[in-house]
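Asker: This structure is in structure tokens; I'll ask about it shortly.
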Amino acid sequence: MTAKPKSVRIIAQQDNPTLSKGQKTFNTLVEKIALRREQLTQWQTTERACVQKVASDFMPLMQSFHTAGQLCAGLGPGDGQAGPDQSRAPDGA
């Protein structure tokens, strides 16, 4: 993995101890960029964990669901199994 880049920052010099408004704005924006980079790194880590969770937990469940659905699709009227209306004797008998 590549090394984390160091943030650029304007610091006050001995001959000019205060930063100008533009320099302060620059430093603030650099800090915001560093924060966004950290948030992006956290997001990428979380996204990888979610993808792994889906692959390890959800996909096997979906496969089981589809397999069960295919088995159930094979059961139906005329397969020798009594349905809810076929389990009772007719009223006229």
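The values are calculated or read from the model by the stated rules, or taken from the named source; none is laboratory data. As the structure is a prediction and not an experimental result, all values here were calculated from the model. Here Cβ is always computed from backbone atoms with ideal geometry, including for glycine, and neighbour counts include all displayed protein chains.
Rundown of residues vs (1) at pLDDT 90 or above; (2) assigned to a helix (DSSP H, G or I); (3) surrounded by 10 or more Cβ atoms within 10 Å (Cβ to Cβ); (4) under 15 Å from the mean Cα position of the chain (by Cα), yes/no style:
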residue	(1), (2), (3), (4)
ASN27	yes, yes, yes, no
ALA34	yes, yes, yes, no
GLU38	yes, yes, yes, no
THR41	yes, yes, yes, yes
LYS53	yes, yes, yes, yes
HIS66	no, yes, yes, no
GLY76	no, no, no, no
GLY83	no, no, yes, no
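Asker: Would you pick out the residues in the range 6-25 that are of a type in the set (Gly, Ala, Ser) and in a helix (DSSP H, G or I)? Step through it out loud before you land on a result.
Answerer: We begin by selecting, within the range 6-25, every residue of a type in the set (Gly, Ala, Ser); these are 7, 12, 20, 22.
The one that is of a type in the set (Gly, Ala, Ser) and in a helix (DSSP H, G or I): GLY22.
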